[in-house]
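K.L.:
Following this message is one structure expressed as structure tokens.
The values are calculated or read from the model by the stated rules, or taken from the named source; none is laboratory data. Everything numeric here is computed off the predicted structure, so don't read it as measured data. Cβ sites come from the backbone with ideal geometry, for glycine too, and all protein chains shown count toward neighbours.
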Amino acid sequence: HLEMLSRRHATDRVMLFLHSLSERYAALGREPDAFSLPMTREEIGSYLGLKLETVSRTFSKFQDDGLLEVKQRHIRILDEAGLRQLISSTAC
């Protein structure tokens, strides 16, 4: 977690957080493409070392890019391949 905070840009941090949540839900036998966030945006920001506004702007950017559908705390991954491509292109 500390390595992620020190080496990644805000967009990368949020993207990896969502990807990690998706993998955890899949491991629990739940839907990995559609889930509710377990934390508020403020809590996510605190966890990732970001401000609330940055988390919200990043969600909006991902939604504008067609990667996610965001409705309050509910997330639906629309383009898993695009998300994975972003993750692999930003890997340290």
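K.L.:
Within the bounds of the stretch 16-23, is there any residue that is among the small types (Gly, Ala, Ser) and either in contact with an Asp or Glu (Cβ under 9 Å, 6 or more places away or on another chain) or at pLDDT 95 or above (or both)?
P.N.:
Yes, because at least one residue in the stretch 16-23 is among the small types (Gly, Ala, Ser) and either in contact with an Asp or Glu (Cβ under 9 Å, 6 or more places away or on another chain) or at pLDDT 95 or above (or both).
K.L.:
Also, I was wondering about something else. Among what's in the stretch 36-55 and is of a type in the set (A, V, I, L, M, F, W, C) and closer than 13 Å to ALA10 by Cβ, pick the residue that is surrounded by the fewest Cβ atoms within 10 Å (Cβ to Cβ). Let's see the steps before the verdict.
P.N.:
Our first condition is that a residue be of a type in the set (A, V, I, L, M, F, W, C); within the stretch 36-55, this holds for 37, 39, 44, 48, 50, 52, 55.
With the extra rule that they be closer than 13 Å to ALA10 by Cβ, the set shrinks to 44, 48, 50, 52, 55.
Details: ILE44: 23, LEU48: 21, LEU50: 23, LEU52: 14, VAL55: 24.
In this case the residue turns out to be LEU52.
K.L.:
Within the stretch 56-69, track down each residue that is surrounded by fewer than 17 Cβ atoms within 10 Å (Cβ to Cβ), free of Cβ contacts under 8 Å to residues at least 40 places away in the same chain, touching a helix residue (DSSP H, G or I) at 6+ places or on another chain (Cβ under 8 Å) and not small (Gly, Ala, Ser).
P.N.:
The answer is ASP65, GLU69.
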